[in-house]
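What follows is a short report on a single structure.
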Amino acid sequence: MVTNKTSDAQGLPAVGSAPKLLDQLRDRLRLKHYSIRTEAAYLGWVKRYILFHDRRHPNDMGKAEIEAFLTSLAVDRNVAAATQSQALSAILFLYKEVLGANLPWLDEVTRAKKPVRLPCVLTQEEVAQLLGAVQEPEFALILRLLYGTGMRVLEGVRLRVKDVDFSRREIVVREGKGNKDRVTMLPQSLIEPLRAKLRQRRLEHEADLAAGRGSVYLPHALAAKYPTAEFAFGWQYVFAAPTFSTDPRSGIVRRHHLDAQRVQRAMRRALAATSIVKPVTPHTLRHSFATHLLEAGQDIRTVQELLGHQDVSTTMIYTHVLNRGGLAVKSPLDRF
């Protein structure tokens, strides 16, 4: 039990006098190199958990309060199992990593069972129709890159110049899901468009440098280890934002990567111009990439490596959506 608790301006409890609880949580997340998106999500869930229980301090709550919060998410807000699991992960991180709790009930909290869903997959004809409907050249290139490499949309917009290897025809995906690096192919048809994009980016970067800007975010304190690297062209994002923005952690004004939501909106505009009725997102192109490779006879282990799946069982889901007409089983109706 922690004594001498105080509250912040929003009424959330603090541990001791300072720093406040959410500040401690933020510091711990950054110490363990969690992404900025995960940081924002975890802070949001912990805040909602505390407010749900009338601003009671987490040290005064336990398994029953956590499960009551998770039940409310499922019953009152009808959230998906994945969302419920993320909320639980945030709360458990708070107890274990920030409050230092090592209690048996932490591992006994009931987790939501995630349903097994088949991914939405486009046919190759539908992919061609969709990509052909993208009007903006930059977004067309990004979406072609996602389909041609199997990258996630965030991996695509975070791609740096140095990780495109034209001679080896490969792309290095840095800090993908699970903070893992992997290598995927560079499609032959994208080599010249990417070369042209990098020529345009070099001119833009040189203009930024001339204006006294040109730095880029570097992960894991590399800026301190290599003081000039943040200005090097190789570290720049291939798909940079059209304007400068303030880094939410350092407060430095930089040209960040393109916002993933702009890619999503571009896909929705293109989808509206087609006859496709499937629920398509940029991630659908990743599903289609894997399925079409398997349809072409590529072995599943290679597809697993290209996607960056830790376990081949994750990749096996695509064997259930291959274009074989009901898992290659012939209906008895067709036997008459």
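What residue, among those in the stretch 22-51 that are under 22 Å from Ala221 (Cβ atoms) and among the aromatic types (Phe, Trp, Tyr), is modelled with the highest pLDDT?
Tyr42
I'd like the residue in the stretch 193-247 that is small (Gly, Ala, Ser) and assigned to a loop (DSSP other than H, G, I, E, B) and, out of all such residues, is nearest to Gln261 (Cα to Cα).
Quick first cut of the stretch 193-247, residues small (Gly, Ala, Ser) only: 196, 207, 210-212, 214-215, 221, 223-224, 229, 232, 234, 240-241, 245.
Those still in the list that are assigned to a loop (DSSP other than H, G, I, E, B) too: 211-212, 214-215, 221, 232, 241.
Numbers: Ala211: 28, Gly212: 29, Gly214: 23, Ser215: 23, Ala221: 27, Ala232: 27, Ala241: 12 Å.
If we take residues in the stretch 193-247 being small (Gly, Ala, Ser) and assigned to a loop (DSSP other than H, G, I, E, B), then Ala241 is nearest to Gln261 (Cα to Cα).
Is it the case that Ala68 is in a helix (DSSP H, G or I), among the aliphatic types (A, V, I, L, M), surrounded by fewer than 16 Cβ atoms within 10 Å (Cβ to Cβ) and more than 23 Å from the chain's Cα centre (by Cα)?
Working: in a helix (DSSP H, G or I): yes; among the aliphatic types (A, V, I, L, M): yes; surrounded by fewer than 16 Cβ atoms within 10 Å (Cβ to Cβ): yes; more than 23 Å from the chain's Cα centre (by Cα): yes.
Criteria met by Ala68.
Restricting the search to the stretch 151-188, which residues are β-branched (Val, Ile, Thr) and not in a strand (DSSP E or B)? Before you say what the answer is, go through the steps one by one.
Looking only at the stretch 151-188, we keep the residues that are β-branched (Val, Ile, Thr), and these are 153, 157, 161, 164, 171-173, 183-184.
Scanning the stretch 151-188 gives Val153, Val157, Val161.
Checking Lys32 against (1) surrounded by fewer than 14 Cβ atoms within 10 Å (Cβ to Cβ); (2) more than 15 Å from Leu92 (Cβ to Cβ), only one condition comes out false. Which one?
If we test Lys32 against (1) surrounded by fewer than 14 Cβ atoms within 10 Å (Cβ to Cβ); (2) more than 15 Å from Leu92 (Cβ to Cβ), just (2) comes out false.
So the check is Cβ under 8 Å with 6+ separation or different chains; which pairs have a first residue in the stretch 32-54 that's assigned by TED's automatic domain parsing to the domain that holds Thr71 and a second one that's surrounded by 14 or more Cβ atoms within 10 Å (Cβ to Cβ) and of a type in the set (Val, Ile, Thr)?
What qualifies is Trp45/Ile91; Val46/Ile91; Tyr49/Ile66; Tyr49/Ile91.
The values are calculated or read from the model by the stated rules, or taken from the named source; none is laboratory data. Treat the numbers as computed from the prediction; the structure is a model and nothing was measured. Here the Cβ is made from the backbone with ideal geometry for all residues, glycine too, and neighbour counts use every protein chain on show.
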